[in-house]
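Engineer: This is the structure I have questions about; it appears just below.
The values are calculated or read from the model by the stated rules, or taken from the named source; none is laboratory data. The shown structure was predicted, so the numbers you read here are calculated from the model rather than taken from an experiment. Heads up, the Cβs are rebuilt from the backbone with ideal geometry, glycines too, and the neighbour counts pull from every protein chain shown. We work out accessible area using only protein heavy atoms, side chains counted, and drop any ligands, DNA or RNA first. Shrake-Rupley method; radii C 1.70, N 1.55, O 1.52, S 1.80 Å.
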Amino acid sequence: MPTVAFYTLGCKVNAYETEAIWRLFEQRGYTRVDFEDEADVYVINTCTVTNTGDQKSRKIIRRAVRKNPDAVVAVTGCYAQTSPAEVLAIPGVDVVIGTTGRNRLLEYIEEARRTRRPVNAVTNIMKVREYENLTVTKFAERTRAFLKIQEGCNNFCTFCIIPWAKGLARSRRPEDVLAEARALAEAGYREIVLTGTHTGGYGEDLDGYRLSDLLRDLSRIDGIERIRISSIEASQLTDDVFEAMAASEKLCRHFHVPLQAGDDAVLRRMRRKYTTGEYAARIERLREIFPEAAITTDVIVGFPGETEAMFEAGVRFVEQIGFSELHVFPYSKRSGTPAARMPDQVPEPEKKRRVQTMLALNERLKAAYRRKFLGRVLSVLPEAREAKPPADADAGEVWLAGLTDNYLRVSFPGDPSLIGELVRVRLDALDGEVLRGTPVRLLSPVAGA
Ligand code: SF4
């Protein structure tokens, strides 16, 4: 049986696509082996979101070539899409394919094996208008499944290379999304996480079928008990989306709404599609519907031209919104983007200082949000055994770890048969970032019981 090994760099969407590509190999009788083992085919799914992503991708490609010089080495993903010539120049690379046309990957591998000549299958992604339908119905996690609904982005923020790597926004056909959701429900997944390059833009290219319609249709699928949107832009929180959210009993009270900067001048230079005032108004509306929702975000500090006063305004804005968690990034030049050529680049030591200030705020906000729920009973979906039970747990006692719908990590003592079942848990104590609790009641029936 031929063997294949995978390496994935970058984001969750890449991880999803690697699983989808593996499915194509599985259907052709391949066995999957560890990347560190000798394989007949290596597939490297690359990232190009920062210049470091490119370097790491090159390093991993060379590692695969060294592992087995006779293997077919296929490189896919964002770095392959934006820099195919650079990838093909690495000795030992046999196939380079970008972010589309992966359904034909096995054909290209056969061709490279037959001819022993490299195959360049990268096409102009900007011309692609159709969503490439790759499916995944099995994940390493037993409880939560990712469901990709969309690809590409039309926003062209000045710091971001993604539209050049993924192309323009295109939505997956509703019937394909719903079929995959039903298959996931049948496979026992209780929670689905909707993902994409620009997830909240779902439907913008479809004829009248919007994200709000999809949320309604997904909410009707039996077996799916939670629907989480991985990320949604403030500008995509429209009245019809609010309405569909309010009507769904399955939607998680967790919204990741990228902010990027909390100052209007910086937002304009980033070419974001909202002002701080508009952003705050959308969050207020969200909180009217879901009063205790977890609102998480991404913040870039040290963007070109960000003065100390603009940064301070950003810190105040983040505090005012009261996020439950921030992902903080120092601005990193991405060659090929307008921001990389902007004057007034912020010196590295200053960026580091701003990151530290924002991270300290993040710690305060995270703890404040978690403390609000102490003493309350919430539904938890345990995913696995807790790797680090509390120090005072009884010897031999099994603890489970999982998430609430509002993205609180909770651990509690319980039987492993509860993994994948919704359990009501009283939250007793905050231990670092984890809430320790006591199970009160099982909500969903134990499979097979
Ligand atoms: S919205 Fe902006 S940051 Fe997000 S993928 Fe599109 S261009 Fe990049």
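Engineer: Could you rank Arg210, Arg253, Arg173 by how accessible they are, 1.4 Å probe, largest area first?
Structural biologist: Ranked list, largest accessible area first: Arg173, Arg210, Arg253.
Engineer: Convert each backbone phi in the range 73-82 into a coupling constant with the Karplus relation 6.51 cos²θ - 1.76 cosθ + 1.60 (shift: θ = phi - 60°), then list the ³J(HN,Hα) values in order as whole Hz, x for Gly and Pro.
Structural biologist: For the range 73-82, the Karplus curve yields 9, 10, 10, 10, x, 5, 5, 4, 5, 7 Hz.
Engineer: For the range 257-372, give the magnitude of the charge dipole about the Cα centre (Cβ charges: +1 Lys/Arg, -1 Asp/Glu; no others), in debye to the nearest 20.
Structural biologist: The calculated dipole for the range 257-372 is roughly 300 debye.
Engineer: Determine the per residue accessible area of the chain with all protein chains present and a 1.4 angstrom probe, expressed in square angstrom.
Structural biologist: 44 Å²
Engineer: Report, to one decimal in Å, the Kirkwood hydrodynamic radius for the range 3-123 based on all distinct Cα pairs.
Structural biologist: Final number for the Kirkwood radius of the range 3-123 is 13.8 Å.
Engineer: Please get the size of the charge dipole for the range 377-442, origin at its Cα centre, with Cβ charges of +1 on Lys and Arg and -1 on Asp and Glu, quoted in debye to the nearest 20.
Structural biologist: I would put it at about 160 debye.
Engineer: Ignoring ligands, DNA and RNA, please state the percent of accessible area on the chain from carbon and sulfur, probe 1.4 Å. Walk me through the intermediate numbers first.
Structural biologist: Details: 9830 of 19600 Å².
Carbon and sulfur atoms account for 50 percent of the accessible area of the chain.
Engineer: Would you grab the residues whose amide H sits under 5 Å from the one on Ala169? Only those 5+ places off in sequence or on another chain, please, with H modelled 1.01 Å from N.
Structural biologist: Cys153, Asn154
Engineer: About the Cα centre of the chain, what is the dipole size in debye to 20, counting +1 per Lys and Arg Cβ and -1 per Asp and Glu Cβ, all else neutral?
Structural biologist: Numbers: 65 positive and 63 negative charges, 166 e Å.
In debye, rounded to 20, the chain gives about 800.
Engineer: Can you list residues from other chains, or at least 5 along the same chain, whose modelled amide H is less than 5 Å from the amide H of Lys148?
Structural biologist: Thr195
Engineer: Counting only protein chains, not ligands or nucleic acids, how are Asp405, Asp70, Asp37 ordered by accessible area (probe 1.4 Å), most first?
Structural biologist: Details: Asp405 30, Asp70 125, Asp37 75 Å².
Ranking Asp405, Asp70, Asp37 by accessible area, largest first, yields Asp70, Asp37, Asp405.
Engineer: Residues with beta-carbon under 15 Å from that of Arg66, excluding Arg66: net charge, scoring Lys, Arg +1 and Asp, Glu -1?
Structural biologist: Within the 15 Å Cβ shell, the charges total 0.
Engineer: Read phi for every residue in the range 185-200 and hand back ³J(HN,Hα) as whole Hz from Karplus 6.51 cos²θ - 1.76 cosθ + 1.60, θ = phi - 60°, with x for Gly and Pro.
Structural biologist: For the range 185-200, the Karplus curve yields 4, 5, 6, x, 6, 9, 10, 10, 10, 6, 10, x, 6, 9, 3, x Hz.
Engineer: Distances longer than 31 Å among the Cα atoms of the chain: what percent of all pairs is that?
Structural biologist: The share of Cα pairs beyond 31 Å in the chain comes to 47 percent.
Engineer: Within 10 Å, count the other beta carbons around each residue, average over each peptide in 94-105, 272-283, and list them highest first.
Structural biologist: The most tightly packed comes first, giving 94-105, 272-283.
Engineer: Quick check of the Kirkwood formula: for the range 371-413, what is the inverse mean of 1/r over all pairs of different Cα atoms, in Å?
Structural biologist: Its Kirkwood hydrodynamic radius stands at 11.1 Å.
Engineer: How large is Rg over Rh for the range 281-421, taking Rg from the Cα atoms and Rh as the Kirkwood inverse mean of 1/r across Cα pairs?
Structural biologist: Details: Rg = 19.8 Å, Rh = 18.0 Å.
A ratio of 1.10.
Engineer: So how much accessible area does Lys250 have, in Å² to the nearest 10, using a 1.4 Å probe?
Structural biologist: About 40 Å², rounded to the nearest 10.
Engineer: In whole Å, what three semi-axes, largest first, describe the equivalent ellipsoid of the range 112-212 built from its Cα gyration tensor (square root of 5 times each eigenvalue)?
Structural biologist: 26, 22, 13
Engineer: When all alpha-carbon pairs of the range 377-442 are counted, what percent fall beyond 14 Å?
Structural biologist: On the way: 997 of 2145 pairs.
In whole percent, the long-distance tail amounts to 46.
Engineer: Any chance you could look up the accessible area of Lys388 with a 1.4 Å probe, heavy atoms only, rounded to 10 Å²?
Structural biologist: Ignoring ligands and nucleic acids, Lys388 comes out at about 150 Å².
Engineer: ³J(HN,Hα) across the range 372-383 via Karplus (A = 6.51, B = -1.76, C = 1.60, θ = phi - 60°), whole Hz, x for Gly/Pro?
Structural biologist: Karplus-based 3J(HN,Hα) across the range 372-383 equals 4, 9, 4, x, 8, 10, 10, 7, 10, 9, x, 9 Hz.
Engineer: What net charge is computed for the residues neighbouring Glu38, neighbours being all others with C-beta under 12 Å from the C-beta of Glu38, Lys and Arg scored +1, Asp and Glu -1?
Structural biologist: Here the charged neighbours net out to -3.
Engineer: A follow-up question, please. Once amide H atoms are placed 1.01 Å from N in the peptide plane, what residues at a sequence separation of 5 or more from Gln260, or on another chain, have their amide H within under 5 Å of its amide H?
Structural biologist: For Gln260, the qualifying residues are Asp298, Val299, Ile300.
Engineer: Another question about this same structure. Would you mind counting up the charge near Ile97? Only other residues with Cβ under 12 Å from its Cβ, with Lys and Arg at +1 and Asp and Glu at -1.
Structural biologist: Residues near Ile97 contribute -3 overall.
Engineer: Same structure, new question: Can you tell which of Phe412, Phe317, Pro382 lies farthest toward the positive end of the dipole of the range 315-449, using +1 and -1 charges on the Cβ of basic and acidic side chains (Lys, Arg; Asp, Glu)?
Structural biologist: Phe317
Engineer: Sticking with this one: Taking the full set of protein chains and a 1.4 angstrom probe, give the accessible area of Trp164 in square angstrom, rounded to the nearest 10.
Structural biologist: It works out to around 130 Å².
Engineer: I've got another one for you. Charges on Cβ only, +1 for Lys and Arg, -1 for Asp and Glu, centred on the Cα centroid of the range 269-416; of Pro347, His327, Ala391, which one is farthest towards the dipole's positive end?
Structural biologist: Sorting the options by dipole projection puts first Pro347.
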